[in-house]
Amino acid sequence: MTEFDVAVIGAGPAGLAASIEAARRGCRVLLMDSNLRPGGQLVKQIHKFFGSKEHRAGTRGIDIAVGLHREALEAGVVFWPDTSVYGVFPGGALGAVRGMLGGEPRGVVVRASTLILATGASENAVNFPGWTLPGVMGAGAAQTMINVERVLPGRKVLMVGSGNVGLIVSYQLMQAGADVEAVVEALPRVGGYGVHAAKISRAGVPILTSHTVLRAFGETEITGAEIARIDESWTPVPGTSRRVDADLICIAAGLRPYARLAMLAGCRMTYSSALGGWLPLHDRAMRTSVPGVYVAGDVGGVEEASTALEEGRIAGISASERLGMIGAADAARDREEAEARLSSLRMGPFGRPRYDAKEAIYEEGANACPRP
Amino acid sequence: MDDELIVCRCEEVTAGEIRRAIRDGARDLSAVKRRTRAGMGLCQGRTCESLVVRLLCKELGLRAGDVAPASPRPPVVPVPFGAIGDPDEADH
Amino acid sequence: MPSTLTTFGYPSLDELRSSPGYPARERAEKGPVAVIECVQEIPCNPCETACPRGAIRVGIPITNLPALDADKCTGCGVCIPKCPGLAIFALDMTYSATEAALSFPHEYLPLPRPGDVVVAVDRGGKAVCASRVLRVSDRPANDRTAVVTIAIPKEHADRVRGIARRSEGNDIG
Ligand SMILES: Cc1cc2nc3c(=O)[nH]c(=O)nc-3n(C[C@H](O)[C@H](O)[C@H](O)COP(=O)(O)OP(=O)(O)OC[C@H]3O[C@@H](n4cnc5c(N)ncnc54)[C@H](O)[C@@H]3O)c2cc1C
Ligand code: SF4
Ligand code: SF4
Ligand code: FES
């Protein structure tokens, strides 16, 4: 049995920021992640990030992760890499297995009076005939291969989805030496930021809005795909289908909160399409409906690394407040700054729908999530 | 989605099998899972869940927010069975 | 609102000209100047902090479009590698009687070398003309975003925004 004040699950930007804030306020913090390297999604992001100075904008994602990790260690956070948390037991103990990636897997039980869930998101799948063939993979998996494992999963790529993930991974596949034949997007508009779209457009990649993939060709691995224009009811327009040669089809059909541990912990769930689907209900201080359980980052609604950082900071402050490391007034003041930055990140055509969705959740959460 | 199309790749469950389960009364993810094994594979439904939701919506005229998330059971991540501990047992 | 940017993935000249980061033609004719092609309100502001002359303003909220004060801007290009959107360019219409010099961010390897003749492309990646590489800056401060400067015929100055990633399959036309 290992005891801590705060157990943080997930070492992405949210979990790292939460750990740092809690440890700096005197909490004994254990941070766990199933991967070897801390950083979550940041580990794969070799591009420079958006945001402002507080979010280290203009710095590459991977470098942001390295910096946060250093800060966490300096603050006294205990970090357990290669630790997969598989369950929350009644009473709040966590079951985890360490050493699945290296060495002998062994189970551990962690007890902490306060739990911060920062487990991130899952990629949505798209299925079409041939989608189970080798050569069809999630954009996240492709990104891990090129940027972490340094292997090129294909030379000619069809990207399905034009959100930021689809656009950025297309760009990075080209940087790694592949050709992106096209990006298809079912909606009539490009999903991600215009500047990311413009980057790959300049490289000659056609972004085909109102298009989808109908099937993948190939027997043992894929050799190409049939794509077609679709109408408003997503029905292929006759006569518009054509073949694209490809040895890799990447799926970037959006993310949804990965909230299984939150459900096991008994957190009340709520649905928001703007935030990716079902997520644990929470208030502005990142408290869930279960006393002592907090969420931060994509698990509480799919957004961005910058917002995940701010939510992590807030959750870390709230956890410290619950543990009596700081008073309620100090906690409220510390949270306020992060809250103000969060609001400013949730503006503009991309942020506004998330702002509205989050405000509705906070409002619902204000009654359902008990204060310490 | 054609009936032959695979929806759950871990357990090789097709769209047709899931449609049949829905027509036989499955109204949510857990019921579909019980009847077809879709979602019981190694990935624990991480891949197929959103596809099953789509079928449920289409067949029953629901919106995605009407389909409750599948209630998870530990282990929520694939871990070797022997390594799973007992919360009442000290390990140090 | 449908636009060229949201339908095809790159902004039209009209979209750009009505944004606060695109310098007026008359200003560009006078000497080097930054060209900011960032027309959506996204939460981002490194360009503002990057400019040593305070010529770029985002302000509060951080989703404001970057506005260029073309009178303060010298076209030095310091801001180019700092923009995570790779959306800033620098244009010098006074480079020579017939040619303009265009600087742009470039993150594909191998980098071109000064003196190379490369295919200049437009915002949609279409080949526009041949161009000469004048400078390639890959200083540590750029953090692995090289800034390439090419010479192009003046009439293409509003169109060319980069070079072909590979020359094969790109016919000049
Ligand atoms: C291609 C791409 C480009 C992006 N570009 C940008 C950008 O330019 N700017 C920006 O602001 N954002 C960007 N983002 C978004 C950003 O990466 C995410 O929003 C952010 O990483 C979310 O942080 P998080 O901490 O919530 O989750 P994550 O970073 O996803 O981290 C979650 C961590 O939890 C771990 N975990 C989950 N479950 C368990 C468990 N049971 N046991 C142990 N560990 C577990 C996971 O292994 C993971 O490491 C991008 C995302 C992608 C995919
Ligand atoms: S080109 Fe130089 S002066 Fe002009 S905005 Fe950029 S950094 Fe400032
Ligand atoms: S740094 Fe680039 S992407 Fe960010 S606001 Fe400035 S111009 Fe736009
Ligand atoms: S795809 Fe259904 S359980 Fe893995």
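The values are calculated or read from the model by the stated rules, or taken from the named source; none is laboratory data. In this text the structure is predicted, and so the values were computed from the model without any measurement. Don't worry about glycine lacking a Cβ; one is built from the backbone with ideal geometry, like all the others, and counts go over all protein chains shown.
Here's the yes/no breakdown for (1) surrounded by fewer than 19 Cβ atoms within 10 Å (Cβ to Cβ); (2) within 16 Å of ligand 1 (Cβ to nearest atom); (3) within 14 Å of chain A (Cβ to nearest Cβ):
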{"residue": "C:Val33", "(1), (2), (3)": "no, no, no"}
{"residue": "C:Arg57", "(1), (2), (3)": "yes, no, yes"}
{"residue": "C:Phe104", "(1), (2), (3)": "no, no, yes"}
{"residue": "C:Leu111", "(1), (2), (3)": "yes, no, yes"}
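The rows are residues; the columns are (1) more than 30 Å from B:Gly65 (Cβ to Cβ); (2) free of Cβ contacts under 8 Å to residues at least 60 places away in the same chain; (3) assigned to a loop (DSSP other than H, G, I, E, B).
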{"residue": "A:Gln172", "(1), (2), (3)": "yes, no, no"}
{"residue": "A:Ala182", "(1), (2), (3)": "yes, no, no"}
{"residue": "A:Gly191", "(1), (2), (3)": "no, yes, yes"}
{"residue": "A:Val205", "(1), (2), (3)": "yes, yes, yes"}
{"residue": "A:Ile222", "(1), (2), (3)": "yes, no, yes"}
{"residue": "A:Glu232", "(1), (2), (3)": "no, yes, yes"}
{"residue": "A:Arg243", "(1), (2), (3)": "yes, yes, no"}
{"residue": "A:Arg256", "(1), (2), (3)": "no, no, no"}
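Counting only strands (runs of 3 or more DSSP E) wholly contained in the range A:75-162, the ones carrying 3 or more residues that are within 16 Å of ligand 4 (Cβ to nearest atom) occupy A:136-138.
Candidates A:Gly61, A:Gly26: the one that is in contact (Cβ under 8 Å) with a residue 40 or more places away in the chain, away from chain B (no Cβ under 14 Å) and on the phi > 0 side of the Ramachandran plot is A:Gly26.
One line per residue, one yes/no per condition, for (1) at pLDDT 95 or above; (2) near ligand 3 (Cβ under 10 Å from one of its atoms):
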site: C:Leu16; (1), (2): yes, no
site: C:Tyr22; (1), (2): yes, no
site: C:Arg25; (1), (2): no, no
site: C:Ala28; (1), (2): yes, no
site: C:Gly31; (1), (2): yes, no
site: C:Val35; (1), (2): yes, no
site: C:Cys44; (1), (2): no, yes
site: C:Glu48; (1), (2): yes, yes
site: C:Arg53; (1), (2): yes, no
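Hey, any hits in the range C:1-14 for a residue that's more than 14 Å from chain A (Cβ to nearest Cβ) and touching a residue at least 60 places away in the same chain (Cβ under 8 Å)?
Residues of the range C:1-14 that are more than 14 Å from chain A (Cβ to nearest Cβ), as a first pass: C:14.
Cutting the leftovers down to touching a residue at least 60 places away in the same chain (Cβ under 8 Å) gives us none.
Checking the range C:1-14: not a single residue is more than 14 Å from chain A (Cβ to nearest Cβ) and touching a residue at least 60 places away in the same chain (Cβ under 8 Å).
All of (1) surrounded by fewer than 21 Cβ atoms within 10 Å (Cβ to Cβ); (2) in contact with a Lys or Arg (Cβ under 8 Å, 6 or more places away or on another chain); (3) not hydrophobic (A, V, I, L, M, F, W, C) hold for A:Gly277 with one exception: (1). Within the range B:31-41, does at least one residue satisfy the condition of being of a type in the set (A, V, I, L, M), at the interface with chain A (Cβ under 8 Å from one of its Cβ atoms) and within 14 Å of ligand 4 (Cβ to nearest atom)? No. Restricting the search to helices (runs of 4 or more DSSP H) fully inside the range B:1-88 and requiring at least 1 residues that are within 13 Å of the chain's Cα centre (by Cα), within 25 Å of A:Ser233 (Cβ to Cβ) and without any contact (Cβ under 8 Å) to a residue 24 or more places away in the chain gives B:49-60. Looking at the range B:11-28, which of its residues are surrounded by 18 or more Cβ atoms within 10 Å (Cβ to Cβ) and within 11 Å of ligand 4 (Cβ to nearest atom)? Scanning the range B:11-28 gives B:Glu11, B:Val13, B:Ile18. In the range B:42-58, is there at least one residue being under 30 Å from A:Gly103 (Cα atoms) and away from every other protein chain (no Cβ under 12 Å)? Looking through the range B:42-58, at least one residue is under 30 Å from A:Gly103 (Cα atoms) and away from every other protein chain (no Cβ under 12 Å).
Only one entry in C:Pro61, C:Pro84 is within 14 Å of chain A (Cβ to nearest Cβ), within 16 Å of ligand 3 (Cβ to nearest atom), part of a loop (DSSP other than H, G, I, E, B) and in contact with a Phe, Trp or Tyr (Cβ under 7 Å, 6 or more places away or on another chain), namely C:Pro84. Residue pairs whose Cβ atoms lie under 6 Å apart, sitting 6 or more positions apart in sequence or on different chains, and linking a residue in the range C:71-97 that is among the charged types (D, E, K, R) and within 16 Å of ligand 1 (Cβ to nearest atom) to a partner that is modelled with pLDDT of 95 or more and in a strand (DSSP E or B), do not occur here.
Conditions tested, residue by residue: (1) modelled with pLDDT under 95; (2) farther than 25 Å from A:Asn147 by Cβ; (3) of a type outside the set (Ser, Thr, Tyr).
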| residue | (1), (2), (3) |
| --- | --- |
| A:Gly61 | yes, no, yes |
| A:Ile64 | yes, no, yes |
| A:His69 | no, no, yes |
| A:Ala72 | no, no, yes |
| A:Gly92 | yes, yes, yes |
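Is it fair to say A:Ser272 is hydroxyl-bearing (Ser, Thr, Tyr) and in contact with a Cys (Cβ under 8 Å, 6 or more places away or on another chain)? It is false that A:Ser272 is hydroxyl-bearing (Ser, Thr, Tyr) and in contact with a Cys (Cβ under 8 Å, 6 or more places away or on another chain).
Only residues that are touching a His at 6+ places or on another chain (Cβ under 6 Å), outside any helix (DSSP H, G or I) and not polar (S, T, N, Q) were counted across the range A:258-302, and they come to 1. Of the set (1) buried (at least 18 other Cβ atoms within 10 Å of the Cβ); (2) more than 9 Å from every other protein chain (Cβ to nearest Cβ), all apply to A:Thr235 but (1).
Counting residues in the range A:19-26 that are surrounded by fewer than 24 Cβ atoms within 10 Å (Cβ to Cβ), within 16 Å of ligand 3 (Cβ to nearest atom) and either β-branched (Val, Ile, Thr) or in a loop (DSSP other than H, G, I, E, B) (or both) gives zero.
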